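Novice: Please see the structure below; I have some questions.
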Amino acid sequence: MTASPDTTGAASLWRHRDFRRYLTGQTASVAGSSVTSMALPVLAVLELDATAGQVALLAFLGQLPPALLALHAGALADRHSKRQQMITGDLLSAAALATVPLAAALGVLTLTQLMVVAAVQGAAGVLHDAAAISLLPQLIEKSLIQRSNSRIGSLFAIAATGGSNLGAALTALLGPARALLGDVASFLLSAWCTARIQTREASPARVAKLRLRKEIIEGLRYVHADHRLSVLTWVNATTSLALALLNTLWALYLLRVLGMSATVFGVVLGVGALGAAVGAFSAPALARAYGPGPMMLGALTLTPLTQLPLLLASSASAGRSPSVWPCSCSWSAPEPQALPSGPSGRSSLSTACRPGCRP
């Protein structure tokens, strides 16, 4: 009796030792980043009394390096070892983030330091992510890319939920500054898992004599010429901009306007991240039924509607505790929008790019 393709594919995917190492490292990193996403706003708003403008600047500095360095990071991933680039990014992030609890323990932590750390982490993160996305197709067969991205999206959603709740627990027990040590540990675990990947990387194309600028221009022309890549690029760019604006206001609104405690804030993030799990687990079935394009369009359309529960949130200034469930439903807005489309988006990029071109 012959096994079905789905069964065979799933089995071969999970038997792949290097894929498991890759997935473990990436999942740990996502969980750790969720700890930081919960603890850092608490630290800035409640501990350092950041204003709205300072919170916006903190978020802007975290998003600026990816906007400026994404093309360079992709070109570097094409030229050099992807694993080494991932490890370098993880270690840089761990080192930068570790300075925050150290400075807090010495009583010298400032918003300026948080902004510098956010910028360094943003630069290190784009180095890591550019290499991680392009390494995956070298670890597994092309026929397993859609399935692997679905597994990645599902585990990332679970990790984000667990990380947010872990961040709330660590913040309650240790304080927001020392809670960031959880993310430091996740970066170190990610670097260790990446270092243990044994699959030999494909030799980079012989483009060493080309200047980096010319290589970037060549990549831009390639993306512009391919309709699928061009559309996905613009969708990712505009969505990232919208989510950056939303996330900047979220922490300030929940912590200061609604008067949420740090623990409740972490619970809101954790419950809201369940939307990502639902989206990720439903992505394969939706992609098979309707196709990746309509599925991503539907997710993007639903996102603004999920912000409506914010209107139901009660203000603590009225003598009542802020309502957790409306806020959680609204926080899940970017999650189902991003993660159902995420696996299919990554798969489309991986299959559309020619060999030797970073997806």
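Novice: In the range 109-132, what residues are over 13 Å from L76 (Cβ atoms), of a type in the set (V, I, T) and part of a helix (DSSP H, G or I)?
Specialist: Answer for the range 109-132, where residues must be over 13 Å from L76 (Cβ atoms), of a type in the set (V, I, T) and part of a helix (DSSP H, G or I): T112, V116, V117, V120.
Novice: Looking at T161, T199, can you tell me which residue is at pLDDT below 85 and outside any helix (DSSP H, G or I)?
Specialist: Answer to the check: T199.
Novice: Oh, and also: Tell me yes or no: at least one residue of the range 217-229 is in a loop (DSSP other than H, G, I, E, B), at pLDDT 70 or above and open to solvent by less than 50 Å² (accessible area, probe 1.4 Å).
Specialist: Within the range 217-229 (the criterion being in a loop (DSSP other than H, G, I, E, B), at pLDDT 70 or above and open to solvent by less than 50 Å² (accessible area, probe 1.4 Å)), the answer is yes, since at least one residue qualifies.
Novice: Criterion first (closer than 28 Å to L174 by Cβ, modelled with pLDDT under 70 and buried (at least 19 other Cβ atoms within 10 Å of the Cβ)) does G266 satisfy it?
Specialist: The answer is no for G266.
Novice: Next question, about the same structure. Kindly indicate whether any position in the range 67-75 is in contact (Cβ under 8 Å) with a residue 60 or more places away in the chain, surrounded by fewer than 20 Cβ atoms within 10 Å (Cβ to Cβ) and closer than 23 Å to G32 by Cβ.
Specialist: yes
Novice: May I ask you to list pairs of residues, at least six apart or on different chains, whose Cβ atoms are under 6 Å apart, with the first in the range 36-48 being assigned to a loop (DSSP other than H, G, I, E, B) and the second being open to solvent by 10 Å² or more (accessible area, probe 1.4 Å)?
Specialist: Every condition considered, the pairs that remain are L48/L111.
Novice: Determine whether the range 138-146 contains at least one residue that is in contact with a Pro (Cβ under 8 Å, 6 or more places away or on another chain) and modelled with pLDDT of 90 or more.
Specialist: The answer is no; no qualifying residue exists.
Novice: Kindly provide the set of residues from the range 164-186 that are outside any helix (DSSP H, G or I) and surrounded by fewer than 23 Cβ atoms within 10 Å (Cβ to Cβ), ordered by number.
Specialist: The one that is outside any helix (DSSP H, G or I) and surrounded by fewer than 23 Cβ atoms within 10 Å (Cβ to Cβ): G175.
Novice: Which condition number does L57 fail, the rest of (1) in a helix (DSSP H, G or I); (2) open to solvent by less than 50 Å² (accessible area, probe 1.4 Å) being met?
Specialist: Just one mismatch for L57, condition (2).
Novice: Answer with yes or no whether L189 is open to solvent by 60 Å² or more (accessible area, probe 1.4 Å), modelled with pLDDT of 85 or more, closer than 21 Å to T88 by Cβ and within 21 Å of the chain's Cα centre (by Cα).
Specialist: yes
The values are calculated or read from the model by the stated rules, or taken from the named source; none is laboratory data. If you're wondering where the values come from, they're calculated on a predicted model, not measured in any experiment. As a convention, Cβ positions derive from the backbone with ideal geometry for all residues, glycine included, and neighbour counts pool all protein chains shown. Heads up: the accessible areas ignore ligands, DNA and RNA and are worked out on the full protein's heavy atoms, side chains in. Shrake-Rupley method; radii C 1.70, N 1.55, O 1.52, S 1.80 Å.
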